[in-house]
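Submitted below is the structure of interest, expressed as structure tokens.
The values are calculated or read from the model by the stated rules, or taken from the named source; none is laboratory data. Since the model is a prediction, treat every value here as computed from it, not as a measurement. Don't worry about glycine lacking a Cβ; one is built from the backbone with ideal geometry, like all the others, and counts go over all protein chains shown.
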């Protein structure tokens, strides 16, 4: 039947090509859109995994509820207590109660590559008249370099120089811009407690991410001193050998720990929600193109079936079976789908190859790679092929079945011409 | 082997309209039969029942020893493909296929396209279409198209040829040419020809004439 199906299709080349273009553009658009979105996503996730800790252990922030103080004031004997106004606020500072226990545990855990204690404080940084609020993270510089890739983004100076101590600071490029400061110059760091100490800028880093580049790092002990909280640790950043195990390990530790323990993907949960929305938009936009193409196939096949009624009659009278007639019309949809899909896959791939060479600098997103990050994951091509094939096949089935139901005698009686 | 119809009735439509009434006849192998009658007398309906393209409302039709009512779709399709040739008034050629490809359509179904190719070519040459084998139907005259349709009906060397007013849309010269092909085919190959015609002259060329009136054989 493929011979007759091809003859039918070649007899109306314009109609065939137009339908083909629908599937072609649908498939190609899916590959290009998915390649760009998933490529960017993979780059972003890689940045997340490499630039920050895989697991963060933080002091749990407990907040007062309407009945938090009931038992403290009235014991357990009194019920139905109503406060006016109800108690509110945080119970205590978010610090890790016994960080040394964690250090021992983490040092002996074979799944842990490295860890570093941190204390992140909001400060006011000023250089002459220029001042800006910023967070300063106190850390163990050598361990911090093992946990994150911050060392790779140093523009000037060395991150390790923080290890010497003596009020040194490594700042992000955005912060540098705002303060108008150069390396080796001093910046005044003022804490919420009112203490202001000059810190020497020994390094400047630039990751390309605005939030990260607005941060600064110092030696943990210097920040503890400035904050007047010696030995206090706000969080422990951990790097694992296998980042995919982060959530499972964090969940396991949460079971016996009073601290708040989160894996990198839990910390960035909102970002993954954005990715899900992106997926929905991607499938809807490409689905719309394919639905239009599928309607094109459906309409054209329907018209063809009506125009070819006498052919159906004569073929049936020659011994062609119902199945043959269904195949004849279904094949036309299938050929369009396969051809449109294959050419769409190739065109989509070639466009992606080209896009991957397009320079993409000057914006924060372009800093890391210097060009567009495109995904060539096989699942994109499999999804595109499945979408194109399923839409075209669904559109072909109904007209083909309608053709199969026609009997030669009905067609002859109705006087088909 | 033959075609036998016994007490065949046929009703169509809603409300039911009886178009054939108590038809009984036997067509022997090698016969040349003409079915005549006025428009609406039921001759075409009888032709389609005898060929197995349509089913009777009641009564029985036996094709080559097999009851039409008990034949599976597969058996009936095979019977149509191997043993039956149809010729219609309006040719019913596939517009996208050339003359040779149209003739080979039944052979294509049987998977004998290549083995039947010489036969198809000789049939077209025999019908004076040797130089027009590669032409599309729209590039042929009405008479030529009908000769292509007859060649197609004969490509599988069928035992039966059913022709529904094959000369109806042709001029006298082409009509006579078509009739001479049927007569020659019947005489040389022993093909059973069942022909529906309005024309008494063409009907008289048949060995036996069956006249119909108001759905009955008279």
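Give the residue, chosen from A:325, A:335, that is under 43 Å from the mean Cα position of the chain (by Cα) and touching a residue at least 40 places away in the same chain (Cβ under 8 Å).
Answer to the selection: A:335.
What residue, of A:179, A:212, is more than 22 Å from residue A:143 (Cβ to Cβ) and surrounded by 20 or more Cβ atoms within 10 Å (Cβ to Cβ)?
Among A:179, A:212, only A:179 is more than 22 Å from residue A:143 (Cβ to Cβ) and surrounded by 20 or more Cβ atoms within 10 Å (Cβ to Cβ).
Taking residue A:111, is it surrounded by fewer than 17 Cβ atoms within 10 Å (Cβ to Cβ) and closer than 18 Å to residue A:212 by Cα?
no
Let me ask something additional. With A:157, A:151 as the choices, which residue is out of contact with any helix residue (DSSP H, G or I) (no Cβ under 9 Å at 6 or more places or on another chain) and more than 13 Å from residue A:218 (Cα to Cα)?
A:157 is the lone residue from the list that is out of contact with any helix residue (DSSP H, G or I) (no Cβ under 9 Å at 6 or more places or on another chain) and more than 13 Å from residue A:218 (Cα to Cα).
Of (1) within 14 Å of chain A (Cβ to nearest Cβ); (2) in a loop (DSSP other than H, G, I, E, B); (3) surrounded by fewer than 20 Cβ atoms within 10 Å (Cβ to Cβ); (4) at pLDDT 85 or above, residue B:169 satisfies all except one. Which?
Just one mismatch for residue B:169, condition (4).
Residues are listed down the side, and each one gets a yes or a no for (1) touching a strand residue (DSSP E or B) at 6+ places or on another chain (Cβ under 7 Å); (2) surrounded by 23 or more Cβ atoms within 10 Å (Cβ to Cβ); (3) within 7 Å of chain A (Cβ to nearest Cβ):
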| site | (1), (2), (3) |
| --- | --- |
| B:53 | no, no, yes |
| B:60 | yes, no, no |
| B:76 | no, no, no |
| B:82 | no, no, no |
| B:87 | yes, yes, no |
| B:99 | no, yes, no |
| B:107 | no, no, no |
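Can you go through A:27, A:16 and tell me which one is over 15 Å from the mean Cα position of the chain (by Cα), closer than 23 Å to residue A:348 by Cβ and within 14 Å of chain B (Cβ to nearest Cβ)?
A:16
Could you go through region A:36-48 and let me know if any residue there is loosely packed, with under 15 Cβ neighbours inside 10 Å and in contact (Cβ under 8 Å) with a residue 40 or more places away in the chain.
Looking for residues that are loosely packed, with under 15 Cβ neighbours inside 10 Å and in contact (Cβ under 8 Å) with a residue 40 or more places away in the chain, one finds at least one in region A:36-48, hence yes.
Considering every residue within region A:316-332, establish whether at least one is closer than 17 Å to residue B:95 by Cβ, within 12 Å of chain B (Cβ to nearest Cβ) and out of contact with any helix residue (DSSP H, G or I) (no Cβ under 9 Å at 6 or more places or on another chain).
Checked against the condition, which is being closer than 17 Å to residue B:95 by Cβ, within 12 Å of chain B (Cβ to nearest Cβ) and out of contact with any helix residue (DSSP H, G or I) (no Cβ under 9 Å at 6 or more places or on another chain), region A:316-332 yields no hits at all.
If residue A:282 satisfies every condition in (1) more than 30 Å from residue A:148 (Cβ to Cβ); (2) in contact with a strand residue (DSSP E or B) (Cβ under 6 Å, 6 or more places away or on another chain) but one, which is the exception?
All conditions pass for residue A:282, except number (2).
How about region B:75-150: which helices (runs of 4 or more DSSP H) wholly inside it have at least 3 residues that are more than 21 Å from residue A:321 (Cα to Cα)?
Passing ranges, in order: B:117-126.
Kindly provide the set of residues from region A:216-237 that are assigned to a loop (DSSP other than H, G, I, E, B) and in contact with a helix residue (DSSP H, G or I) (Cβ under 7 Å, 6 or more places away or on another chain), ordered by number.
Within region A:216-237, A:230, A:231, A:232, A:233 meet the criteria.
Checking residue B:95 against (1) within 8 Å of another protein chain (Cβ to nearest Cβ); (2) closer than 21 Å to residue A:8 by Cβ; (3) crowded, with 21+ Cβ neighbours inside 10 Å: exactly one of these is not met. Which one?
Among (1) within 8 Å of another protein chain (Cβ to nearest Cβ); (2) closer than 21 Å to residue A:8 by Cβ; (3) crowded, with 21+ Cβ neighbours inside 10 Å, residue B:95 violates only (3).
Sticking with this structure for a sec: Among what's in region B:186-202 and is assigned to a helix (DSSP H, G or I) and surrounded by 20 or more Cβ atoms within 10 Å (Cβ to Cβ), pick the residue that is modelled with the lowest pLDDT.
The residue in question is B:202.
Would you be able to say whether some residue in region A:81-89 is part of a strand (DSSP E or B) and in contact (Cβ under 8 Å) with a residue 24 or more places away in the chain?
No.
Residue-wise test of (1) over 30 Å from residue A:42 (Cα atoms); (2) surrounded by fewer than 18 Cβ atoms within 10 Å (Cβ to Cβ); (3) without any contact (Cβ under 8 Å) to a residue 40 or more places away in the chain.
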site: A:252; (1), (2), (3): no, yes, yes
site: A:258; (1), (2), (3): yes, yes, no
site: A:271; (1), (2), (3): no, yes, no
site: A:280; (1), (2), (3): no, yes, yes
site: A:293; (1), (2), (3): yes, no, no
site: A:312; (1), (2), (3): yes, no, no
site: A:331; (1), (2), (3): yes, no, no
site: A:342; (1), (2), (3): no, yes, yes
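Shifting gears a bit: Report yes if some residue within region B:25-37 is away from chain A (no Cβ under 13 Å), under 30 Å from residue A:304 (Cβ atoms) and surrounded by fewer than 15 Cβ atoms within 10 Å (Cβ to Cβ); otherwise report no.
No, region B:25-37 contains no residue that is away from chain A (no Cβ under 13 Å), under 30 Å from residue A:304 (Cβ atoms) and surrounded by fewer than 15 Cβ atoms within 10 Å (Cβ to Cβ).
Hey, another quick one. Taking region B:118-138 as the search range and keeping residues that are surrounded by fewer than 19 Cβ atoms within 10 Å (Cβ to Cβ) and within 14 Å of another protein chain (Cβ to nearest Cβ), which one is farthest from residue B:189 (Cα to Cα)?
Top of the filtered list is B:138.
If we scan region A:301-308, do we find a residue that is within 14 Å of chain B (Cβ to nearest Cβ) and either farther than 14 Å from residue A:402 by Cβ or surrounded by fewer than 16 Cβ atoms within 10 Å (Cβ to Cβ) (or both)?
yes
With A:151, A:194, A:163, A:138 as the choices, which residue is outside any loop (DSSP other than H, G, I, E, B) and without any contact (Cβ under 8 Å) to a residue 12 or more places away in the chain?
After applying the criteria, what remains is A:151.
One line per residue, one yes/no per condition, for (1) within 15 Å of residue B:160 (Cβ to Cβ); (2) at pLDDT 85 or above; (3) more than 17 Å from the chain's Cα centre (by Cα):
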position	(1), (2), (3)
B:7	no, yes, yes
B:22	no, yes, yes
B:73	no, no, yes
B:103	no, yes, no
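Among the numbered criteria (1) touching a residue at least 60 places away in the same chain (Cβ under 8 Å); (2) surrounded by fewer than 21 Cβ atoms within 10 Å (Cβ to Cβ), which single criterion is violated by residue A:230?
The one condition residue A:230 does not meet is (1).
Yes/no per residue for (1) surrounded by 18 or more Cβ atoms within 10 Å (Cβ to Cβ); (2) more than 30 Å from residue A:265 (Cβ to Cβ); (3) at pLDDT below 90:
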{"position": "A:130", "(1), (2), (3)": "no, yes, yes"}
{"position": "A:140", "(1), (2), (3)": "yes, no, no"}
{"position": "A:171", "(1), (2), (3)": "yes, no, no"}
{"position": "A:188", "(1), (2), (3)": "no, yes, no"}
{"position": "A:195", "(1), (2), (3)": "no, yes, yes"}
{"position": "A:226", "(1), (2), (3)": "yes, yes, yes"}
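Spot the failing condition for residue B:47; the list is (1) at the interface with chain A (Cβ under 10 Å from one of its Cβ atoms); (2) not in a strand (DSSP E or B), and only one is missed.
(1)
Within 14 Å of chain B (Cβ to nearest Cβ), in a helix (DSSP H, G or I) and either touching a helix residue (DSSP H, G or I) at 6+ places or on another chain (Cβ under 7 Å) or modelled with pLDDT under 85 (or both): does that describe residue A:282?
no
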